[in-house]
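Some notes on the structure that comes next.
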Amino acid sequence: MSEKPTKEPRIPDRGEAIDYVDGRIETPEFPIVPFIEGDGIGPDIWRATRLVSDAAVQKAYGADRQIQWAQVYAGEKSIELFGEWIPEETFDAIRRYRVSIKGPLTTPVGGGFRSANVRLRRSLDLYACVRPVFWVPGVPCPVRHPQKVDIVVFRENTEDVYAGIEFQSGTPEAGKLARFLEEELGSPVRADAGIGIKPISEFGTKRLMRKAICYGIEHGRRSLTIMHKGNIMKFTEGAFKDWCYELAAEEYPELTITEQQLWDDYNGELPPGRILVKDRIADAMFQQVLLRPDEYDIIVTPNLNGDYISDALSAQVGGIGVAPGANIGDGVALFEATHGTAPKYAGMDKVNPASLILSARMMLDYMGWTEAADRILKGLRHTIAQKTVTYDLERQMERAYLVKCSEFGEAIVQNM
Ligand code: NAP
């Protein structure tokens, strides 16, 4: 008989919370990890992901380590059970246990409702949206050399025009702001304009840059590119660029180097152990990642640019439906599928679980369980190389073997 759901996660007896000490994650052998199944196809892809993660950990560490999963609720399931989209207990659990994973959540259409995803990111201050983009051989894609793409995007998650400070055309608020801009600041806007505000702060920028540099150091990355439109938006995106350079010079002078220093002092040869910090204008960046993707490694960028470049890059490697992602703050991280709930396929055991599976791989890597993370990637690569794939890839491949969502997970386990 299944247990009655509770808002409080049921904590397995054996589990311990992951710790965060001096800016580093410390993972016990039996960490408690909250999960949100998600709506629509969420339960299907979650089942496959859990199977694959548990198998990877078991194969890598035997009985010495095991994730202690603790279900928490959000989205439609939470409405059904508790009458609210995200209970406070879910926020508490994600904060307390530090590393969590979620399937996609429905965003109800209609005025005044802020998406559950946005609420989670905001309330937990998960300020870095991290998207590693790379090609898995065999995945159909539109470019000739997809293997040249191996880029990690660090997108700022809390500021920019996404801060939600917007006033509708014709409202008293928009009128008041327009008058203020004209009369007090000498910056007229048309009387019938809707107005959005684009805040970008030194604090918000520097903490993102710090996180991206730390990631670069830990993962042996060679370059970091600040993507911005600072030539036009000087005091927001231009300042973003300046603050990023400042942070690198102030906090990592021995580990980073600018393009200027590279040519002035090292004849263009990157000295070992340094990360090259450069910047590119946003529109040029879109050309660069298509024409010379192997020159880019980490991209650090404000919210809106980050939204665009993440999806464009994922499409380049054919992986828009299989791209992993995470929203990370200081000592709290939430890993998630990047696609939505695809409601028409809910419960059909049909869709591709790779996005959530690769997010689980990112999660294990973040926890320091790299051997298990590597097994997931190995299993996925083999399975796709064998052309054992779900419908979305099968319809684009020749002579592929069509499997269900659960069978795809089982094949990955076989191939680890
Ligand atoms: P969607 O759920 O991503 O689905 C769009 C299409 O993408 C699907 O019809 C399907 O294409 C394909 N697709 C998505 N996931 C797939 C998977 N795992 N395997 C194979 N194909 C997959 O986008 P949507 O229809 O715009 O959004 C539906 C709901 O999800 C909305 O409520 C939206 O707000 C929400 N959403 C949530 C998140 C999140 O929680 N992070 C993100 C985006 C959207 P075909 O029809 O061609 O097979």
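Each pair of Cα atoms in the stretch 160-199 enters the Kirkwood radius, and Stokes-Einstein at 25 °C and 0.890 mPa s then converts it into a translational diffusion coefficient of 241 µm²/s. Would you mind getting me the FRET efficiency between Lys4 and Lys344? Use the beta-carbon distance for r and R0 = 45 Å, nearest 0.05. Taking R0 as 45 Å, the efficiency between Lys4 and Lys344 is 0.90.
Report the FRET efficiency, 1/(1 + (r/R0)^6), for Asp19 and Phe203, where r is their Cβ-Cβ distance and R0 is 25 Å, rounded to 0.05. Taking R0 as 25 Å, the efficiency between Asp19 and Phe203 is 0.50.
Relative to the present Cα-Cα distance, how much length would full extension add between Asp311 and Gln287 at 0.36 nm per residue of separation?
Using 0.36 nm per residue and subtracting the Cα-Cα distance, I get 7.2 nm.
For a modelled paramagnetic label at Glu295, 7 Å from Cα along Cα-to-Cβ, the residues of the stretch 186-227 in reach, with backbone nitrogen under 16 Å, are 222-227. Partners of Lys148 within straight-line reach, counting aspartates and glutamates whose Cα lies under 12 Å from its Cα and excluding those fewer than 8 residues away in the same chain: Asp294, Glu295, Asp297.
What aspartates and glutamates sit close enough to Lys77 to cross-link, taking a C-alpha to C-alpha distance under 16 Å and skipping anything fewer than 8 places away on the same chain? Cα-Cα hits under 16 Å: Glu3, Glu8, Glu37, Asp39, Asp44, Glu88, Glu89.
Please identify, among Asn267, Asn117, Asn303, the residue showing maximal mean-square fluctuation in a Gaussian network model of the chain using a 10 angstrom Cα cutoff. Of Asn267, Asn117, Asn303, the Gaussian network model singles out Asn267 as fluctuating most.
Computed with the Debye formula from one identical point scatterer per Cα of the stretch 251-323, without solvent, the log10 of I(q)/I(0) at q = 0.15 Å⁻¹ comes to -0.63.
Using the Kirkwood formula on the Cα atoms of the chain, what hydrodynamic radius do you get, in angstrom to one decimal? Provide the component values of the computation, followed by the final result.
Values: mean 1/r = 0.0440 Å⁻¹.
Final number for the Kirkwood radius of the chain is 22.7 Å.
Once both labels are positioned 7 Å from their Cα atoms along Cα-to-Cβ, the gap between Glu84 and Ala163 label points is 2.8 nm.
Could you give the accessible area per residue of the chain, probe 1.4 Å, as a whole number in Å²?
Working: 19540 Å² over 416 residues.
Ligands and nucleic acids excluded, the result is 47 Å² per residue.
Can you work out the FRET efficiency for the pair Arg122 and Arg399, with r the C-beta to C-beta distance and R0 = 45 Å, to the nearest 0.05?
Values: r = 47 Å, r/R0 = 1.04.
Computed FRET efficiency for Arg122 and Arg399: 0.45.
Output the pairs from Lys234/Lys278; Lys176/Lys241; Lys350/Lys387; Lys59/Lys211; Lys206/Lys378 with a Cα-Cα distance over 25 Å in this structure; if there are none, say none. From the list (Lys234/Lys278; Lys176/Lys241; Lys350/Lys387; Lys59/Lys211; Lys206/Lys378), the Cα-Cα distance tops 25 Å for Lys176/Lys241; Lys59/Lys211; Lys206/Lys378. Between Ala63 and Gln414, the simple label model (points 7 Å from Cα in the Cβ direction) yields a spacing of 2.8 nm. Here is how the number arises for the chain: DSSP H runs of 4 or more residues each give -39500 (n - 2.57), the sum is divided by the residue count, and the result at 222 nm is -12000 deg cm²/dmol. Other residues whose C-beta falls under 11 angstrom from the C-beta of Phe235 contribute a net charge of 0, scoring Lys and Arg +1 and Asp and Glu -1.
Assuming 0.890 mPa s and 25 °C, estimate D for the stretch 200-299 with Stokes-Einstein, Rh taken as the Kirkwood radius over Cα pairs, in µm²/s. Don't skip to the answer; put the middle values down first.
On the way: Rh = 13.8 Å.
For these conditions, the coefficient is 178 µm²/s.
The values are calculated or read from the model by the stated rules, or taken from the named source; none is laboratory data. Keep in mind the model is a prediction, meaning the values are calculated, not measured. Virtual Cβ from ideal backbone geometry, glycine too; neighbours counted across all protein chains shown. Note: accessible area is taken over every heavy atom of the protein model, side chains too, but ligands, DNA and RNA are not part of it. Shrake-Rupley method; radii C 1.70, N 1.55, O 1.52, S 1.80 Å.
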